[in-house]
1. Taking ILE168, is it surrounded by fewer than 17 Cβ atoms within 10 Å (Cβ to Cβ), assigned to a helix (DSSP H, G or I) and not polar (S, T, N, Q)?
2. Based on this model, can you work out whether ALA58 counts as at pLDDT 85 or above and in a helix (DSSP H, G or I)?
3. Only residues in segment 113-139 that are farther than 17 Å from TYR316 by Cβ and among the small types (Gly, Ala, Ser) count as the first member; pair them with residues that are assigned to a helix (DSSP H, G or I) and open to solvent by 20 Å² or more (accessible area, probe 1.4 Å), Cβ under 9 angstrom, at least 6 apart or cross-chain, and list the lot.
4. Of all residues in segment 274-288, count the ones that are in a helix (DSSP H, G or I) and either in contact (Cβ under 8 Å) with a residue 24 or more places away in the chain or touching an Asp or Glu at 6+ places or on another chain (Cβ under 6 Å) (or both).
5. Which residues, counting only those in segment 114-153, are more than 23 Å from GLU233 (Cα to Cα) and under 23 Å from the mean Cα position of the chain (by Cα)?
6. Give me a count of the residues in segment 308-332 that are open to solvent by 40 Å² or more (accessible area, probe 1.4 Å) and in a loop (DSSP other than H, G, I, E, B).
7. Can you tell me which residues in segment 86-103 are open to solvent by 10 Å² or more (accessible area, probe 1.4 Å) and in a loop (DSSP other than H, G, I, E, B)?
8. Test each condition in (1) at pLDDT 90 or above; (2) in contact with a strand residue (DSSP E or B) (Cβ under 8 Å, 6 or more places away or on another chain); (3) charged (D, E, K, R) for GLU284 and report the one that comes out false.
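The values are calculated or read from the model by the stated rules, or taken from the named source; none is laboratory data. Because the structure is predicted, anything quoted here is derived from the model rather than measured. Glycine also receives a Cβ, built like all others from the backbone with ideal geometry; neighbour counts cover every protein chain displayed. Surface accessibility is based on the protein's heavy atoms, side chains included, excluding ligands, DNA and RNA. Shrake-Rupley method; radii C 1.70, N 1.55, O 1.52, S 1.80 Å.
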Amino acid sequence: MAISETSRSSHELPLTTAAESSRNKATAKKLTLIPLVFLIYFEVAGGPFGEEPAVQAAGPLLAILGFLIFPFIWSVPEALITAELSTAFPGNGGFVIWAHRAFGSFVGSMMGSLKFLSGVINVASFPVLCVTYLDKLFPVLESGWPRNVCIFASTVVLSFLNYTGLAIVGYAAVVLGLVSLSPFLVMSAMAIPKIKPHRWGSLGTKKKDWNLYFNTLFWNLNFWDNVSTLAGEVDEPQKTFPLALLIAVIFTCVAYLIPLFAVTGAVSVDQSRWENGFHAEAAEMIAGKWLKIWIEIGAVLSSIGLFEAQLSSSAYQLEGMAELGFLPKFFGVRSKWFNTPWLGILISALMSLGLSYMNFTDIISSANFLYTLGMFLEFASFICADYSKIVYLICGVMTIGAIGWYFLINYFRKKKIFEFNEVIDDLDNNVNGEHPKVDDHNS
């Protein structure tokens, strides 16, 4: 989409500075297509780990429909907005730049704060997930100080890996993604002879837990825009970003659906057993203990990839906000050795470490809530940031015309200037608790 000169003129200096700052990072290795695809994949999903509660909440049929339909309602629009605006404004501020361009500094700051907080809360969930899968192999990690020490140690070690450079994190994401998905491909293939298609149509036996159901869908198919804060680190962003997002959307949805179809079709268990980690139990039922252990190892690797991708987004967002003047300059300081925003990484890691001791459900719900508030601003930014005056004029006139048309038609109806069917009146009566009229000749 072309950006009008009028749109470009407002707030020109901060954005130019941010763009030049990104271009001047010559010593940094740029992200290419494949690492970017896997970073997006880990920003959003990281594999089918965590989709199981959707079955527990609403049964196999609604879980399958949710992962089929929800991407078109939420994921695809969010990915399209991210592709459009990241190519228009390729700086590390990402969605902060968009809101700043559309509404000014206050809304830009609010967007940055809400998205950063939702990001670090989300990062806090991944060491918890990692240790939750590890405690299935090592029960000593189920509770107490061993669990807390393990969460602390994993956060420190993984944060240091992030410090070594985004290119390293990107290629690590490729390896982690392929290795963590491989046991699911094996399980799905081995499940085929055991699949009974009628099981896919089950609505479950429990009362529907809609809160858990939608939280699960939202958390598993969310955060597509997080990668926008890395736009300044991408090689040829105008060409790379849209293609990477397209591949990542397809890849992510397929990665969720294939195991979901396989396990719900091949395994018949009580609905309450579909908790986080049930895929590993299902793997044991389908193939044996060896596949269960392989999936649990894959879950740990996936949690590492999720942590790395989302910590990167949070850290580079702080650098982008410093470039735009929303934060002091020192928030954008980069390491002399690795050219990474070390202070952003440190702040993000410390905050996520403190939050990682919350209840897991509370972590997810808090991240979703803050993220949703930010998304309202993001969608509004998309509407306001990129159009010429003629587009606003046409859409404004048409909107006013549509409102006027409604009242004009109601005037014609009341004055009986034209003849109308009674369907609308009947529907209005139904809404108000009245019985619709029935024509005598149909009685």
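1. On the way: surrounded by fewer than 17 Cβ atoms within 10 Å (Cβ to Cβ): no; assigned to a helix (DSSP H, G or I): yes; not polar (S, T, N, Q): yes.
When the stated conditions are applied, ILE168 does not pass them.
2. Details: at pLDDT 85 or above: yes; in a helix (DSSP H, G or I): yes.
Considered against the rule, which asks whether it is at pLDDT 85 or above and in a helix (DSSP H, G or I), ALA58 comes out as yes.
3. So the pair list comes out as ALA124/MET351; ALA124/LEU353; ALA124/GLY354; ALA124/LEU355; SER125/TRP219; SER125/LEU355; SER125/PHE360.
4. Taking segment 274-288 first, the residues in a helix (DSSP H, G or I) are 278-286.
In the following step, the residues that additionally are either in contact (Cβ under 8 Å) with a residue 24 or more places away in the chain or touching an Asp or Glu at 6+ places or on another chain (Cβ under 6 Å) (or both) were identified as 278-280, 282-283, 286.
So the count comes out to 6.
5. At the first step, the residues of segment 114-153 found to be more than 23 Å from GLU233 (Cα to Cα) are 121, 124-153.
Result: ILE121, ALA124, SER125, PHE126, PRO127, VAL128, LEU129, CYS130, VAL131, THR132, TYR133.
6. Of the residues in segment 308-332, 4 are open to solvent by 40 Å² or more (accessible area, probe 1.4 Å) and in a loop (DSSP other than H, G, I, E, B).
7. PHE89, PRO90
8. All conditions pass for GLU284, except number (2).
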